[in-house]
Amino acid sequence: MVNRKMKTTFTVALTAAMALSVAACGNSNDNSKNNAASSAAPDKTNSGTATNTTKSDKKVTITFQNIYPDPTTPSYKMVHELSEQYEKEHPNVKIELDTLNTDQQKVKLKTQAASKEVPDITIVNPAAQMKPFVDAGLFAPLNDMLDQNGLKDTYQTGLLDYYSFDGNVYALPDGNNIEVVFYNKDLFAQAGIANTPTTFEEMLKDVKILKDKGITPLAIGEKDSWTGSFLFMNILLRTNGGPGFLQDVMDGKKTFEDPAFVEAVDAFQQLVQAGAFPDGATSIDANAGGNIFKSGKAAMWVIGSWETGAVDASSVAGKVGAFQFPTVNGKGDPNEFMLAPGSAFAVSANSEHLQETKDFLNFFASNLPKKQFELKNAVGLGQKVDGDLKAAGYSDLAITIAGLFNQVKGGDLSFDNTMNPATSQVHLSSIQNLFVQKMDSAAVAKEHQTAFEANK
Amino acid sequence: MKVLKVPARTIAVFVLPCLLLYVCLVFIPILVSLYTGLLKWDGLTSAQFVGFGNFKDMFFNDPVFWPSVRRTLLYAVASMLEIPLCLGMAILLNRYVRRGNTLVSIYFTPVILSVVIIGQLWKTVYNPASMGGMLNGVLISLGLDSWTHNWLTEPKIAMFALYFVSLWQFFGYHLLIQYTGVQNIPDELYEAAKIDGADGFKADRYITLPLIVPIFKISIVLAFIGSLQAFDLVMVMTAGGPAHATDVISTHMYNSSFMSLKYGYGSAIASFLVIVCLVFTGFINTIFNRIERKFN
Amino acid sequence: MRKFKKGIVYLLFAIPVVTQLYPLLWLVLYSLKTNEEIMDGSFFSFPKSFQWHNYSEAYTSGSYLKYLSNSVFVTGVTMICVIVLASMVAYAISRFRWKYGNIVMTIFLMGMMIPMQATLLPLMIIFKNIHVLNTHLSLILPYIAFSTPIAVFILSGFMRDIPHEIEESAFIDGASVYRIFRSIILPVSIPPVMTVCILTFINIWNEYILAATFISSEKLKTLPFGVYTFVSQYSVNYGNIGAFLVMGALPVILIYFFLSNKITKGMVAGAVKG
């Protein structure tokens, strides 16, 4: 499980390695050369590619379940282009893409897992969310493949820990993100707000100003209840005075009825009462909620940095900035962020072509950073990459956010990446409820605690 | 009535292929589900037999369960109440319109559309006025601002908004059944009644109603089963939210199994659903058999 | 007064025409608008200029033809099987003199109470063991199984009322049961068969959960999957989604309007004797 120690390593790693705009160190330089070589000429030297060539006569189909259905997004292009490239270089291998939207993929994978029929490559979320699958022995350890050509060293130090159990790495992340507040500079100017809020009180005040001007203050799509939880966890990170609240609860050092949690619920309810969210937020799904911001109808959006590319591709491109979530009641450090290590690619332990699948994933993961960089999707990459954002024509927003990455001092994982699924579901719906009715904060805390104890 | 006496082998040829397929793919799976309902199982790691533990949790410890049962039953009642209305329409159609089939076909169209389309459509109807929701827009233009609501997100209202969509969608379905039933009553009966001085609603009372009972029953049973299994529409429009305010039995089952990873518990809910369906359908059948006997 | 009453009644008939047909019109208009016009949310408005390119884009980016042909194949095979299998059972239940007829009927009727979602995982395990996962068979088989109850129900209701003289005379002439079934019973049962066709068609054509769970190969996926993924990609273009929805609904609507008069007739036939 993810523990505090891992988080510290991760923090260090972030500060050290997030220098996206800085050319990567010599080590990873070598790697990218290696990768380039192996992709261009698969039959040369490298041990990993050698196994490949010996089997090149065998026809193999690799099923690749993925969650990138939208043809206009960089991620979609990345998956398709890399798969095609690999097929071209390995005529005996066919990559069958099973493309689903996120929710459906979750259900499908669970059904498949229950009948022990996991696709060759699938997608899982880190830590607590992938643990049941690992415990069930469904995923193959990837250590050998990671060591094979130095792929492991391309990942930011500590990042792979979120996907490791008992010393084995079981999945390779597609990125590594933090949660930030995106804001629309034009709408802020229109409402006469000069500076971005640095305290929660200022944020509330801005919410009211924006609301009075008829602008939706905060975009959200709370039909997918994780969105509200994301925002809430930012507040909890502050009221707790730092990361580790959920870990403390799990270690039995705190309960959900701790003042920090109740205070966070209170603060969250203040936002709701101030009219921060769009009307009917709980019937809007996550994408549509994001669109409220991306179409210039909402002033702020609390979401992961993975949306940077999409914001830059939307109609508000160029008008958007980003800032850290403010302190709450004077507590917390703005440079502590909610951390969102990406969805990750895992390989089925029962795959009929385990070696071929690992070889492909190795190729895929090695080339992913370069491809993402080309596709202007390098913000929130989990791997080191050569290249200068500014020189490559990235937007100011992307550079701002890359800058925020450099300030990360620590943080927490999302609720459902930390707690077991049953407790998480209670939490998600409990937060969703705050959007539609005023609750006694202590009762909300108690509801959490009851669920936690019932599902230990 | 049953005239043909045929060898057992012939019966087997006629019945077995379908029956076997059906038993293997519908019956056995549901029996498996009944069994997994007795397990504490996340669908992944090894299961643990807990007997009726899941049912105990369901009945006594789950704050979501009973409200979702209540909503489901209310759903069923609302759908069943729609049917007399459909019958009334059907009688009027039969009396006033010569080629009623065309109208009925038009009424039927929502039934053939996929729930995805219907969900999208009604979401735009129910949206807040600020997002261009039609219903609120109409209310405001009528000066009824105080009647506007966030139809899909106010916990007390959302479920009724969903009931309404469902009633709207299946209006044509039940009307079709009732209409064909009414049409099927031989004209001679009405002509004979006319001679006896029974016309219009009087004829309906003494001829239509008694003869329509079996068809009325079919509609009721279909409406009941349909609303107990109502799933897609709720999923598309609210996914059971906000905060379970629109959860029905089937969405609660689905969320427990696949979102909370409590597969055994979800199966227990499924068992409950199937049992309720069986019991109530039996109940409805008995009532209607009584009514039919009374009429004959 | 009489005229007034009639007016009211006609108004009563007219209102549902508007409310029930409006969705189609709405959808078509939606599919022809620009993103801005749609986001505007004005419900009654016509698009300023028709965005036909929404259709060409949806067509090219959505693998429409592939999904369509898969759907046609799966639905077609399922319908043929349902009709053949269910009418055989219905015939046996309604016309043969045997002990277990009612029990078999009850078993089938109980199937109507079973929610498909509850069988997802058991089916997956069965299909894994008979190695049909990720083939069209993994859809066709459960579709047939879940469609038969209502089909048996409607068909047996109809067949019970076929005058038995026809059968008897054929029987005396030495025709086998199979022959009677094929050349007498099936032909007269066309109306309820039509009803079964349409009901089955509607259910299967729109089915999504099994399709998304059991099929992984892109080349085997059916139309509802295409529609659903298209819809879930909000960030693209609402007009494209609308266009794809229209294209997805078009086959059902066409078939329905060609056969709609038949369905009413068949429904009567089947429903008379429950």
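The values are calculated or read from the model by the stated rules, or taken from the named source; none is laboratory data. Given the structure is predicted, the values throughout are model-derived calculations rather than measurements. Cβ sites come from the backbone with ideal geometry, for glycine too, and all protein chains shown count toward neighbours. SASA here: full protein model, heavy atoms, side chains in, ligands and nucleic acids out. Shrake-Rupley method; radii C 1.70, N 1.55, O 1.52, S 1.80 Å.
The table below gives the values:
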{"quantity": "At 1.002 mPa s and 20 °C, Stokes diffusion of chain A via Kirkwood alpha-carbon radius, µm² per second", "calculated": "94"}
{"quantity": "Average Cα contact separation per residue, the stretch B:147-271, under 8 Å, 6 or more apart, as relative contact order %", "calculated": "22"}
{"quantity": "Taking the stretch C:62-232 and dividing mean pair separation by its residue count, relative contact order in percent (alpha carbons under 8 Å, at least six apart)", "calculated": "41"}
{"quantity": "Under 5 Å, built H, 5+ apart or other chain: amide partners of A:Glu96", "calculated": "A:Ile62, A:Thr63, A:Phe64"}
{"quantity": "For the protein assembly as shown, convex hull volume per residue from C-alpha positions, Å³", "calculated": "179"}
{"quantity": "A:Ser83, A:Ser315, ranked by accessible area, largest first (probe 1.4 Å)", "calculated": "A:Ser315, A:Ser83"}
{"quantity": "Table column - 3J(HN,Hα) (Hz), the stretch B:113-127, Karplus curve with 6.51, -1.76, 1.60, x for Gly and Pro", "calculated": "7, 6, 4, 4, 5, 4, x, 4, 4, 6, 5, 5, 6, 7, 3"}
{"quantity": "Probe 1.4 Å - accessible area at B:Ser46, Å² to nearest ten", "calculated": "110"}
{"quantity": "Environment charge at B:His244 (Cβ cut-off 11 Å; Lys +1, Arg +1, Asp -1, Glu -1)", "calculated": "-1"}
{"quantity": "Euclidean distance of C-alpha centroids, the stretch B:238-296 and the stretch A:244-308, integer Å", "calculated": "34"}
{"quantity": "Estimated vicinal HN-Hα couplings, Hz - the stretch A:311-322 in sequence order (Karplus 6.51, -1.76, 1.60; Gly, Pro = x)", "calculated": "5, 5, 8, 9, 6, 9, 3, x, 9, 10, x, 9"}
{"quantity": "Computed over the stretch B:194-234, the ratio Rg/Rh where both radii use C-alpha atoms and Rh is Kirkwood", "calculated": "1.32"}
{"quantity": "Cβ-placed point charges (K, R +1; D, E -1), dipole of chain C about Cα centre in debye, nearest 20", "calculated": "660"}
{"quantity": "Pairwise centroid distance, computed over Cα atoms, of the stretch C:184-230 with the stretch A:311-327, Å", "calculated": "45"}
{"quantity": "37 °C / 0.692 mPa s Stokes-Einstein diffusion coefficient of the stretch A:303-351, Kirkwood radius on C-alpha pairs, µm²/s", "calculated": "230"}
{"quantity": "DSSP-defined antiparallel bridges as percent of all bridges, the protein assembly as shown, nearest 5", "calculated": "60"}
{"quantity": "Förster radius 22 Å - calculated FRET efficiency between C:His53 and C:Phe257, Cβ distance, rounded to 0.05", "calculated": "0.25"}
{"quantity": "Alpha-carbon centroids, the stretch C:63-101 and the stretch A:416-449: separation in whole Å", "calculated": "47"}
{"quantity": "Averaged over B:212-224, number of beta-carbon atoms from partner chains that fall within 10 Å", "calculated": "3"}
{"quantity": "Chain B - mean residue ellipticity at 222 nm from DSSP helices (-39,500 (n - 2.57) per run, n ≥ 4, rounded to 500)", "calculated": "-22000 deg cm²/dmol"}
{"quantity": "Rg ratio (alpha-carbon, reference 2.2 N^0.38 Å) - the stretch B:63-295", "calculated": "1.18"}
{"quantity": "Per-residue HN-Hα couplings for the stretch C:214-221 [Karplus 6.51, -1.76, 1.60; θ = phi - 60°; Hz; x = Gly/Pro]", "calculated": "8, 10, 10, 6, 3, 6, 9, 6"}
{"quantity": "Kirkwood-type radius of the stretch A:314-456, with distances r between different C-alpha atoms, in Å", "calculated": "19.3"}
{"quantity": "Length-normalised contact order of chain B in % [C-alpha pairs under 8 Å, at least 6 apart]", "calculated": "29"}
{"quantity": "Longest to shortest principal axis, alpha-carbon extents of the stretch A:323-401, angstrom", "calculated": "56, 34, 14"}
{"quantity": "The stretch B:33-141: chymotrypsin sites (Phe, Trp or Tyr not before Pro) in DSSP coil with no more than 14 other Cβ atoms inside 10 Å", "calculated": "B:Phe52"}
{"quantity": "Separation in nanometres of the label points that stand 7 Å from Cα toward Cβ, at B:Lys56 and B:Val138", "calculated": "5.2"}
{"quantity": "Whole-angstrom Cα spans of the stretch B:6-165 along principal axes, big to small", "calculated": "65, 52, 26"}
{"quantity": "Amide hydrogen neighbours beyond the local backbone of A:Val320, cut-off 5 Å, H modeled", "calculated": "A:Lys185"}
{"quantity": "Where A:Glu89, A:Glu336 fall by accessible area, highest first, once all protein chains stay in place (1.4 Å)", "calculated": "A:Glu89, A:Glu336"}
{"quantity": "Shape call, the stretch B:240-280: gyration tensor on alpha carbons, a/c limit 1.5", "calculated": "oblate"}
{"quantity": "Rounded to the nearest 20 debye, dipole of the protein assembly as shown from Cβ charges on Lys, Arg, Asp, Glu", "calculated": "3220"}
{"quantity": "Built amide H within the under 5 Å cut-off of C:Lys33, gap 5+", "calculated": "C:Gln51"}
{"quantity": "Averaged over A:291-303, number of beta-carbon atoms from partner chains that fall within 10 Å", "calculated": "1"}
